[in-house]
1. Condition (residue is at pLDDT below 95, out of contact with any strand residue (DSSP E or B) (no Cβ under 7 Å at 6 or more places or on another chain), at positive phi and not acidic (Asp, Glu)) applied to the stretch 40-59: is it met by at least one residue?
2. Would you mention how many residues in the stretch 92-110 are within 24 Å of Ser130 (Cβ to Cβ) and exposed (fewer than 14 other Cβ atoms within 10 Å of the Cβ)?
3. Ile59 passes all but one of (1) of a type outside the set (Asp, Glu); (2) in contact with a Ser or Thr (Cβ under 9 Å, 6 or more places away or on another chain); (3) closer than 23 Å to Tyr122 by Cα; which number fails?
4. Before we move on, is Ala17 modelled with pLDDT under 95, in contact with a strand residue (DSSP E or B) (Cβ under 9 Å, 6 or more places away or on another chain) and crowded, with 21+ Cβ neighbours inside 10 Å?
5. In the stretch 154-167, how many residues are crowded, with 20+ Cβ neighbours inside 10 Å and within 20 Å of Pro14 (Cβ to Cβ)?
6. Specify the residue that is nearest to the chain's Cα centre (by Cα); the eligible residues are those in the stretch 41-78 that are within 20 Å of Ser105 (Cβ to Cβ) and part of a helix (DSSP H, G or I).
7. For the stretch 155-178, check the following and say yes or no: at least one residue is over 20 Å from Lys31 (Cα atoms) and within 13 Å of the chain's Cα centre (by Cα).
8. Test Ser97 against the stated conditions and say whether it is over 24 Å from Ala28 (Cα atoms), part of a helix (DSSP H, G or I) and among the small types (Gly, Ala, Ser).
Amino acid sequence: MSATAWQKAEVAGPKKALVITKPQVVSAMIKRAKMPIMIAGHKVTETTVGNKLLVDYVIDLVSLAGIPVVATAHVIGEFDKRGYHPKASMSLVDVCSRLTDASWSLGGAGSHDLALFAGHDYYMQWLALSGLKHAAPQLKTISLDRYYQPHATWSFPNLSEQEWSNSLQRMLQGIGGR
């Protein structure tokens, strides 16, 4: 388990993501959040975790925790096929721009205090999280992908596929899942 950024040419600066060593910490943060949001990227339909696609883990997580989802790219159709209907569909740049506005939320009542990211290209998530780190300091961010994202508030370290699968399972169990 390494907490080294995969994008070598960029330097994250002095403030870097805290490493998630215990997935139960993420479960507790999600339970404690007043207005969490999940931003799901196109790779949720392409990435296999254990014997399931990442999109299935995302659906399990948001269903258990009652988190609204913003589906980016074409993935809204994959959510619909599985019987889950995301609250919105917009580009990653658009949703991150809206998250910098403290008066915006999907529900319209207050601002989001926690944003979860999964299934984005590494470099796109890097840039999105960098923008949020600087323009939305009130927002806590968590990267659920298997590679360390230094611009998030919290991120998994670089994990093997098996370690990542186990971590996601323990996180779901901490929220009250199977």
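The values are calculated or read from the model by the stated rules, or taken from the named source; none is laboratory data. Please read these numbers as outputs of a predicted model, since none were measured by experiment. Backbone-built Cβ (ideal geometry, glycine too); neighbour counts: all protein chains shown.
1. Within the stretch 40-59, one or more residues are at pLDDT below 95, out of contact with any strand residue (DSSP E or B) (no Cβ under 7 Å at 6 or more places or on another chain), at positive phi and not acidic (Asp, Glu).
2. 5
3. All conditions are met except number (2).
4. Yes, satisfied.
5. The number of residues fulfilling the criteria is 1.
6. Checking each candidate, the answer is Val58.
7. no
8. Taking the combined requirement at face value, the residue satisfies it.
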